[in-house]
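Here the structure is laid out as structure tokens; the discussion comes afterwards.
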Amino acid sequence: MSGHRVKASKPRAGGAPTTELRERIRREATRLIAQRGFGAISVNDVAQAVGISKQALLYHYPSREALHEAVVSSIVEQSNQHLLLLLSAFSGHGEERLALAMKQLREFFDAEPDAARVILREVLDGDPTQVSRLQRSMEPWLRLVVDALRQGQREGRVRPELDAEAAVAHMGMLLLTSFALRKVGPWPEADDAEWRERWLSEAVLIIQRYLFTDPPAPERPKARRPSPRRQTK
């Protein structure tokens, strides 16, 4: 679809408040981009998902590219807010710092459940502008973890042969794909909530075993075993 701006008429009064409608549009665009990628959606697709006309959507976002920008900007803004929370609580040893980083990542992706898939699709699609923006927003997070790993190496708690920057890149991709794919159907006989905890806990365990010379034993959620089926006579 062409990125030309289309002059849109003001939507009729009596609808949803402007800020509420803008947020609904952005959330539906985020969901659709997460499902299909930006290249496979149109303004009309988003308008239909929201339940408004194309002209009403274009009043709030005058082009397809403006909508794309709003989706990425929201992800960047949310991640920066969580980074500030992380910085305010950033103290202690490497393991504690990594636990705080994981907590903030989890809160971020819980608040924006489609964000991980959008980021992954943006990286795969390779839009230079948006990829560059996302990289700039992620750099402070990555630097914090690199610094924590190097401190751990100096203290003998992180494996000395580890390339801190390459390790962070690997961990970042592991966590990104873990959050992006956590909506995949659960393991047989596990419910969604249980599987989500097991899935993310295992990712943390992999990272701990990878990084630390003597990693602490993580607390695992207790898996519920299926009840035995009663035999009928």
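Extending 7 Å from the Cα toward the beta-carbon at both Thr177 and Ser73 defines two label points whose distance is 3.3 nm. In order along region 66-72, the Karplus-derived 3J(HN,Hα) couplings, from 6.51 cos²θ - 1.76 cosθ + 1.60 at θ = phi - 60°, round to 5, 5, 4, 4, 5, 5, 5 Hz, and Gly and Pro are given as x. Working from label points 7 Å from Cα in the Cα-to-Cβ sense, the Glu23 to Lys54 distance is 2.9 nm. With R₀ set to 35 Å, the beta-carbon distance separating Glu189 from Val123 gives a calculated FRET efficiency near 0.55. Against the criterion of solvent-accessible heavy-atom surface with a 1.4 angstrom probe, Trp141, Trp199, Trp187 sort, most first, into Trp187, Trp199, Trp141. Figure legend: label point modelled 7 angstrom from the Cα of Glu65 along Cα→Cβ; no residues of region 134-168 have amide N under 12 Å from it. With a/c under 1.5 counting as rounded, go ahead and sort region 140-203 into rounded, prolate or oblate using the C-alpha gyration tensor (a ≥ b ≥ c being the square roots of the eigenvalues; past the cut-off, prolate if a/b is larger than b/c, else oblate). Here region 140-203 falls in the prolate category. Shape class for region 104-144: oblate, because the ratio a/c of the largest to smallest gyration tensor axis (alpha-carbon atoms, square roots of eigenvalues) is 1.5 or more and b/c is at least a/b. The phi torsions of region 148-165, fed into the Karplus equation with coefficients 6.51, -1.76 and 1.60 and a -60° offset, translate into couplings of 5, 5, 5, 5, x, 5, 5, 8, x, 9, 9, 3, x, 7, 5, 8, 4, 5 Hz, rounded to whole numbers, with Gly and Pro shown as x.
The values are calculated or read from the model by the stated rules, or taken from the named source; none is laboratory data. No experiment lies behind these values; they were computed from the predicted model shown. Ideal geometry is used to build each Cβ from the backbone, glycine not excepted, and the neighbour counts take in all protein chains shown. Protein only, heavy atoms only, side chains kept; ligands, DNA and RNA dropped before computing areas. Shrake-Rupley method; radii C 1.70, N 1.55, O 1.52, S 1.80 Å.
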